[in-house]
Structures are given as structure tokens and as C-alpha cells.
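Shown next, in C-alpha cells, is the structure this report addresses.
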Amino acid sequence: MSEELKAVEDAQRHALRNIIKSDNIYSGAILDLDIDHVLFPSGCEKVREVVRHKPAVTILPEHSDGTVSLVRQYRHAVDEDLYEIPAGLVEYGEDPKETAVRELQEEIGYKPGRIEKIFEFYTSPGYSTEKIIFFYATDLEPSKLTEDDDEYIKVHNFTVPEIKAMIDSGEIKDGKTIMAYCWLAAKKAEENAV
């Protein structure tokens, strides 16, 4: 992208982010809720509710036999036990890669010999700042850390076809886990095409 085009896009973005008032109505351990009053270039004023969320990591742990570890845990917000790839919040001042290694040790009891950042994504950019950093972990060796005292996790290993069947049947509903499966399936298809 040219510098000139970038400058134009930045100016347009700043014109759309003309916050004339912002009220923090809730501050919690992992998120804050702000009410922003935004003045648009057209002159209209709109209210935007913004959830300011701590960054997080999620990790796709693939074992040497090709299986993937998923955790099954109760999620209060949706009142369900869900299958998910391991994930966790980045602590203040912590490098996201360190967070990913720690979460694997806490949740599945393995430490990766190799861990690679694949991409970052926003979970719901229409109202939330939550950014998740996606890692791929291999060369896994047993190394257990104590899990958080509010986590009740069961670890299950599945083959890639089993994960696809679980997604197709609705047994896996977690978006980051479905995204991880799609990434892994595409990676394996590329490897097999070569």
C-alpha cells in the first residue's frame, strides 16, 4: 500500500472515530464496558457500546501421532460443557508466546518443543476489542502445571477426521476451535498436494 493511500485511509478512519464522550460503566477483572458517543462526518451522533477485553491466546496442540488435544470444560456464559482448543488470557507484561506455553502446561499437561504464531484475530470487532493470538504447537512433552482454581477441565485427544465429524454434528460449537480445525485441514491439504 502506498504511503499516500495509507494517509487517506488513516484520515477516513480518524473521521469515523470522533468520540465526543466516553463513559466507563463497568470495570471488571477481564473486561470493561464503555459507552462511547461518536460524531460521524454526516453530523449524526450515535452511541457505541464497547467491551474492552484483555488479549488472549489459543493453541492448537498436535501430537506426533497426528491427534489434537481438546479440553472439555463448563462455560458459565452459555451454560454448556464445550470442547475447545486450549486458551487463556495474556497476563499484564507477559509475552503471548509465554502465555501459550503456560496454558498448554496448565490445561493439557504438555510443553511444546516447537510453538509458532500463526495469526491474530478479533472475536467480535463490532463491539469488542478482544484479540486472540493463534499458535500451533508440536513436539509436545509431558510437563504439568497446576491449573487455575476455577477450571474443571478434561483433556481428550482426537484425530482430525473425528474433529470434523464433531463440528459437522454440532458437538463442537466453539468458534476458535472451528477456525483452528479449518487452518489445520488446509495445512494438511497443502502438505499432501506437494
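FYI, it's all coordinate maths here, none of it is from the lab. On a predicted model such as this, the values are computed, not experimentally measured, just so you know. FYI the Cβ positions are ideal-geometry reconstructions off the backbone, even for glycines, and counts take in every protein chain you see.
General observations
- Unit charges on C-beta of K, R, D, E only; dipole of the chain, Debye: 460 debye
- Positive-end residue of Ile118, Phe40, Leu140, charge dipole of the chain with Cβ unit charges: Phe40
- Cα gyration tensor, the stretch 101-194 - rounded (a/c under 1.5), prolate or oblate: rounded
- The charge dipole of the stretch 112-186, taken about its Cα centre with unit charges on the Cβ of Lys, Arg, Asp and Glu (plus for the first two, minus for the last two), comes to roughly 320 debye.
- Thr129, Thr123 arranged by Cβ crowding within 10 Å, fewest neighbours leading: Thr123, Thr129
- Evaluating 6.51 cos²θ - 1.76 cosθ + 1.60 at θ = phi - 60° for every residue in the stretch 61-68, the Karplus couplings come out as x, 10, 7, 4, 8, x, 7, 10 Hz, glycine and proline recorded as x.
- Protection proxy ranking, peptides 137-146, 100-109, 173-182, average beta carbon neighbours within 10 Å, highest first: 100-109, 173-182, 137-146
- Antiparallel DSSP beta bridges within the chain, percent to nearest 5: 85 percent
- Correct option for volume of the Cα convex hull per residue in Å³ [calculated from the coordinates] among (i) 103; (ii) 184; (iii) 604: (ii)
- Couplings for the stretch 123-140, taken from phi via the Karplus curve 6.51 cos²θ - 1.76 cosθ + 1.60 with θ = phi - 60°, read 6, 8, x, x, 8, 10, 8, 4, 10, 10, 9, 9, 10, 10, 10, 9, 6, 7 Hz in order; Gly and Pro are left as x.
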